[in-house]
Amino acid sequence: MMRLELVKRPQRSALFSALSPFIAFALTIIAGAIMFALLGVNPLTAFRIYFIEPISQVWQLHELAIKAAPLILIAVGLSVCYKANIWNIGAEGQFILGGIVGSIIPVLFPQFEGPLVLPLMLLLGMVGGAAYAAIPALLKTRFGTNEILTSLMLVYVAQLFLDWLVRGPWRDPQGHGFPQTIQFNDSAVLPELMPDAGRANWGFVFALVAAVLVWILMSRMLKGFEVRVLGSSPRAGRFAGFGLNRMVFFAFLLSGALAGLAGISEVSGAIGQLQPVISPGYGFTAIIVAFLGRLNPLGIVAAGLVLALTYLGGEAVQSALGISDKVARVFQGMLLFFVLGCDTLIHYRIRLIGLALTKPQGTAKLEVAPKLKEAR
Amino acid sequence: MDITVNILLTIATAATPLLIAAIGELVVERSGVLNLGVEGMMIMGAVGGFGASYLTGSPWIGLLAAIAMGAVFSLLFAVMTLSLATNQVATGLSLTLLGLGLSGMMGTRFVGQPGERLPNLDIPGLTSIPVIGRLLFGQDPIFYISIALTAAVMWFLFKTRTGLTLRSIGDSHTSAHALGIHVIRYRYLAVIFGGACAGLAGGHLSLVYTPQWVENMSAGRGWIALALVVFASWRPWRVLAGAYIFGAVWIGQLHAQAFGIPVPSQFLSSLPYLATVVVLVLISRNKRLTMMNTPASLGQPFVPDR
């Protein structure tokens, strides 16, 4: 029988550390080609429509930036959590709460206008996301409750809460019964960067700034060191006097605030009002972005653009080839799988052990074996 | 009386998928592996089960297809975490994400199609006994499988040598390995069993609970099943109790919505999720209980050294 054997490398391989996202992407393309062929579509045509046509014009690049902004913002925050071995997987809920809390001003006080409106909205959005993320953090530190399950359960609660708001108390009375709030007034709409060229708004700038700031935090500041130490060895962290509970709060509040900022930026920039659904799963896709970006904020910017392209490509193949746009989710899932698989190569060499089990292979280990037998 | 019986029956129907998925995950976690992909395997089981039933016209074939689908899908997780020693949390998450996408794509052509429900048990003479007849002899076949499965897992884990070995692997894979136990082989089998169970649970959703295909129809049940395992502190009979409590909450909120209680339906719909959080908090407050029962090597990758 064929068997895989992992052989630990003496130290992590710098080569595979750099190559693994690319290998993973290549494998995804191969698997995707097989998938398209199975669906009865010429893979080359499908790839052209999926990966190239959606970014062949300037306005399309703006669309890419619109999709990439929330992914990058959320993933940058999540990378801090995952580095610290803290598993916030409820960013989707924090995104929604950021959107809701940030919308308080334009929905409830639409007569309030001026340059103060937007900064306040963004601030409220961050507060909303952070406050929602504080719940699993509090439960984890206070009662030891598993943060994976609580943060995820709160996603469903947030979705239902938004649904209730836009169908109930916050529904636009002049909206012909549609479940949505009033359109935000002009001073509550996130401005576009280059209105003549396309729709991309300031959300993308926020994403880039957040990525750089978190990169500085993680690589140049004590707090970042603390995150890494507590993530790789909580025991060593305790000896160094780093508090695990404080870290849980720090990671959750930071990632929650960034997800909240992404939420309000999306609502105020790309949508312009609250609707029952404000996210095509950004909070979950951002998990993939974080891993594809190797939990490094700068890598995440690149990964965010790639994953944004999978969204656009999914829409493109749906309209051009009549394939379900769920194909985007499949691509995203496969990509994460391959990234995780390729990361194994960083720490291990893989040996295929086939039928040749009986044949000795010339390694140091096998030379030891006979001696052991003699000793017995 | 009839209403009580009906409510009990619907609670059993709501509890069954939770119970099956959680029992499967319990075996997986007892072997020391944390598979967060339950939701993904469940939804794959649901789409596979409905698809096979729709294409062949037989819900029984659908049932088998659901089990097979869950098992095959879990194999993906097994290869990644066991053979390639990837991070179990991240791999499980990606299994869920992939499952939700893949099932949506595979199910596009089934949306809105009528499905066939697995027939309820009907034993002449027994099923028609008042009150207990329908409860004991008139439910869907998967209900009986779920009860038998719980009993079998209890017996397997605590009364057989293989079960003892499985638990020992979950508590210390290094010691088990040193004793010459095939850690990886056991874990492969456990993960595939868990996948088959999650697939069956998904099949229950699309072949019994609501015999049709709706995107994301698992609606977080896979995650609730994961929470149930923690809630049950890794004991099968407590999983059974927990599943029925959650089934009652799920049905209770539906009935409350139907009765027109003046609470927004969204708040009632969020009750099962909030209940999960509350229950997890209550159980984890008791640190000793959780510490004692959590399989000690849960979630840690294992690479055998030779």
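Below is a table of values for the structure above.
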{"read-out": "From the options A:P169, A:P173, A:P179, residue that is within 14 Å of another protein chain (Cβ to nearest Cβ), of a type outside the set (D, E) and out of contact with any helix residue (DSSP H, G or I) (no Cβ under 9 Å at 6 or more places or on another chain)", "value": "A:P169"}
{"read-out": "Checking A:A158 against (1) at pLDDT below 85; (2) within 14 Å of another protein chain (Cβ to nearest Cβ), the condition it does not meet", "value": "(1)"}
{"read-out": "Residue count for the range B:213-239, restricted to those that are touching a Gly at 6+ places or on another chain (Cβ under 7 Å), at pLDDT below 90 and over 18 Å from B:A22 (Cα atoms)", "value": "1"}
{"read-out": "Residue list for the range A:170-190, restricted to those being part of a loop (DSSP other than H, G, I, E, B) and surrounded by fewer than 11 Cβ atoms within 10 Å (Cβ to Cβ)", "value": "A:P173, A:Q174, A:H176, A:G177"}
{"read-out": "Residues (surrounded by fewer than 24 Cβ atoms within 10 Å (Cβ to Cβ), within 21 Å of A:S20 (Cβ to Cβ) and facing chain B (nearest Cβ under 7 Å)) located in the range A:290-332", "value": "none"}
{"read-out": "Residue ID - nearest to B:L8 (Cα to Cα), chosen from residues in the range B:220-274 that are surrounded by fewer than 20 Cβ atoms within 10 Å (Cβ to Cβ) and among the charged types (D, E, K, R)", "value": "B:R238"}
{"read-out": "Count - residues of the range B:68-83 that are surrounded by fewer than 22 Cβ atoms within 10 Å (Cβ to Cβ), touching a residue at least 24 places away in the same chain (Cβ under 8 Å) and β-branched (V, I, T)", "value": "1"}
{"read-out": "Search result, residues across the range B:131-173 that are free of Cβ contacts under 8 Å to residues at least 24 places away in the same chain and more than 27 Å from B:A201 (Cβ to Cβ)", "value": "B:R161, B:S168"}
{"read-out": "Residue check, A:A65 in contact (Cβ under 8 Å) with a residue 60 or more places away in the chain and either in a helix (DSSP H, G or I) or of a type in the set (G, A, S) (or both)", "value": "yes"}
{"read-out": "Residue within the range B:50-63 that is surrounded by 24 or more Cβ atoms within 10 Å (Cβ to Cβ) and either of a type in the set (F, W, Y) or closer than 29 Å to A:E92 by Cα (or both) present", "value": "yes"}
{"read-out": "A:T310, sole failed condition from (1) out of contact with any Gly (no Cβ under 7 Å at 6 or more places or on another chain); (2) without any contact (Cβ under 8 Å) to a residue 24 or more places away in the chain", "value": "(2)"}
{"read-out": "Residue list for the range A:44-103, restricted to those being of a type in the set (F, W, Y) and over 29 Å from A:S219 (Cβ atoms)", "value": "A:F47, A:Y50, A:F51, A:W59"}
{"read-out": "Residues located in the range A:275-284, provided they are closer than 14 Å to A:A328 by Cβ and in a helix (DSSP H, G or I)", "value": "A:Y282, A:F284"}
{"read-out": "In the range A:201-247, residue farthest from A:L139 (Cα to Cα) [restricted to those that are among the small types (G, A, S) and buried (at least 19 other Cβ atoms within 10 Å of the Cβ)]", "value": "A:G203"}
{"read-out": "Matching entry among B:L149, B:L164, B:L179 (being of a type in the set (A, V, I, L, M) and touching a helix residue (DSSP H, G or I) at 6+ places or on another chain (Cβ under 6 Å))", "value": "B:L149"}
{"read-out": "Residue match in the range A:131-143 (condition: among the small types (G, A, S), within 23 Å of the chain's Cα centre (by Cα), within 14 Å of chain B (Cβ to nearest Cβ) and surrounded by fewer than 20 Cβ atoms within 10 Å (Cβ to Cβ))", "value": "yes"}
{"read-out": "Residue in the range A:97-113 that is assigned to a helix (DSSP H, G or I), of a type in the set (A, V, I, L, M, F, W, C) and crowded, with 24+ Cβ neighbours inside 10 Å present", "value": "yes"}
{"read-out": "Filtered residues of the range B:118-134 (kept if part of a helix (DSSP H, G or I) and either surrounded by 15 or more Cβ atoms within 10 Å (Cβ to Cβ) or within 14 Å of chain A (Cβ to nearest Cβ) (or both))", "value": "B:G133, B:R134"}
{"read-out": "Criterion (within 14 Å of chain B (Cβ to nearest Cβ), surrounded by 24 or more Cβ atoms within 10 Å (Cβ to Cβ) and of a type in the set (A, V, I, L, M)) met by exactly one of A:V277, A:V267, A:V339", "value": "A:V339"}
{"read-out": "Scope the range A:83-96; condition assigned to a helix (DSSP H, G or I), surrounded by 24 or more Cβ atoms within 10 Å (Cβ to Cβ) and not hydrophobic (A, V, I, L, M, F, W, C); matching residues", "value": "A:E92, A:G93, A:Q94"}
{"read-out": "Evaluation of A:I72 against (1) assigned to a loop (DSSP other than H, G, I, E, B); (2) touching a residue at least 24 places away in the same chain (Cβ under 8 Å); (3) over 21 Å from A:C342 (Cβ atoms) (one fails), failing number", "value": "(1)"}
{"read-out": "Criterion: small (G, A, S), touching a Ser or Thr at 6+ places or on another chain (Cβ under 7 Å) and either more than 30 Å from A:L39 (Cα to Cα) or modelled with pLDDT under 90 (or both) - qualifying residue of B:G133, B:G112, B:G125", "value": "B:G133"}
{"read-out": "Residue under evaluation A:I287, criteria (1) within 14 Å of another protein chain (Cβ to nearest Cβ); (2) more than 21 Å from A:L97 (Cα to Cα); (3) assigned to a helix (DSSP H, G or I), criterion not met", "value": "(2)"}
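Results for (1) outside any helix (DSSP H, G or I); (2) modelled with pLDDT under 90, shown as yes or no for each residue.
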residue: A:R294; (1), (2): yes, yes
residue: A:L309; (1), (2): no, no
residue: A:S319; (1), (2): no, yes
residue: A:V330; (1), (2): no, yes
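The values are calculated or read from the model by the stated rules, or taken from the named source; none is laboratory data. Worth saying up front: this structure is predicted, and the values here are computed from it rather than measured. Please note: Cβ atoms are built from the backbone with ideal geometry, for glycine as well, and neighbour counts cover all protein chains shown.
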